[in-house]
Amino acid sequence: MTVLVAAASKHGATQEIAEAIGRALTERGVATEVKRIDDVADLAPYEAVVLGSAVYTGQWLEPARWFVDEHHDELAARPTWLFTSGPIGDPPKPAEDEAVRIGPIVEATRAREHRLFAGKLDRSKLGFGERAMVRAFRAQEGDFRDWDEIAAWAAGIAQALQQG
């Protein structure tokens with residue numbers, strides 16, 4: 001069995017989460033390929049998928065939404081897990097129930113689970129408009145990702161896959 005871990009990431013932080021998930025799966029004996037979502041053309045080589053995206057203004061990034069639109073039947077036909085990266089600060093903002101509108105994506109893919117992870121904000125990587133928005137919302141700069149939580153979630157995926 002080979003698992004695809006793919007993510008849409010605007011500034012790289014969500015891709016780093018995908019890579020951490022891939023490492024955790026591999027460490028537990030699950031063959032894994034980690035890719036940028038834009039680099040995935042075909043799901044046929046994969047028996048399971050972990051798909052993620054950064055969230056902006058409550059939505060997955062356009063490449064991730066497009067990917068789900070194009071591949072929803074294939075995703076629904078295999079074990080699929082979803083993750084979103086985005087809330088920042090302590091406590092994380094926006095709150096979990098307001099962070100992402102994910103219901104239609106979960107439904108289209110028949111995902112086994114969706115997990116929301118805290119994100120990272122590095123103002124030096126932002127464009128002018130993004131910096132203005134961050135300033136307007138008084139967003140807290142920093143890396144709020146919980147690597148232990150991410151590894152534990154991936155371990156649960158590995159266990160589910162190994163149990164069949």
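For this structure, a couple of remarks:
- Positions within the range 47-58 being over 14 Å from TRP81 (Cβ atoms) and either over 14 Å from the mean Cα position of the chain (by Cα) or polar (S, T, N, Q) (or both), in sequence order: THR57
- Yes/no for GLU19 being within 13 Å of the chain's Cα centre (by Cα), modelled with pLDDT of 95 or more and among the acidic types (Asp, Glu): yes
- The range 3-47, subset basic (Lys, Arg) and assigned to a loop (DSSP other than H, G, I, E, B), residue nearest to ASP73 (Cα to Cα): LYS10
- Here GLN159, GLN140 are screened, and the one residue that is at pLDDT below 85 and out of contact with any Cys (no Cβ under 8 Å at 6 or more places or on another chain) is GLN140.
- Given (1) without any contact (Cβ under 8 Å) to a residue 12 or more places away in the chain; (2) under 25 Å from ALA118 (Cβ atoms), number of the condition TRP81 does not satisfy: (1)
- Pick from the range 24-46, criterion in contact (Cβ under 8 Å) with a residue 60 or more places away in the chain and within 16 Å of TRP81 (Cβ to Cβ), ranking: surrounded by the fewest Cβ atoms within 10 Å (Cβ to Cβ): ARG28
The values are calculated or read from the model by the stated rules, or taken from the named source; none is laboratory data. None of these values were measured; they are calculated from a predicted model. Don't worry about glycine lacking a Cβ; one is built from the backbone with ideal geometry, like all the others, and counts go over all protein chains shown.
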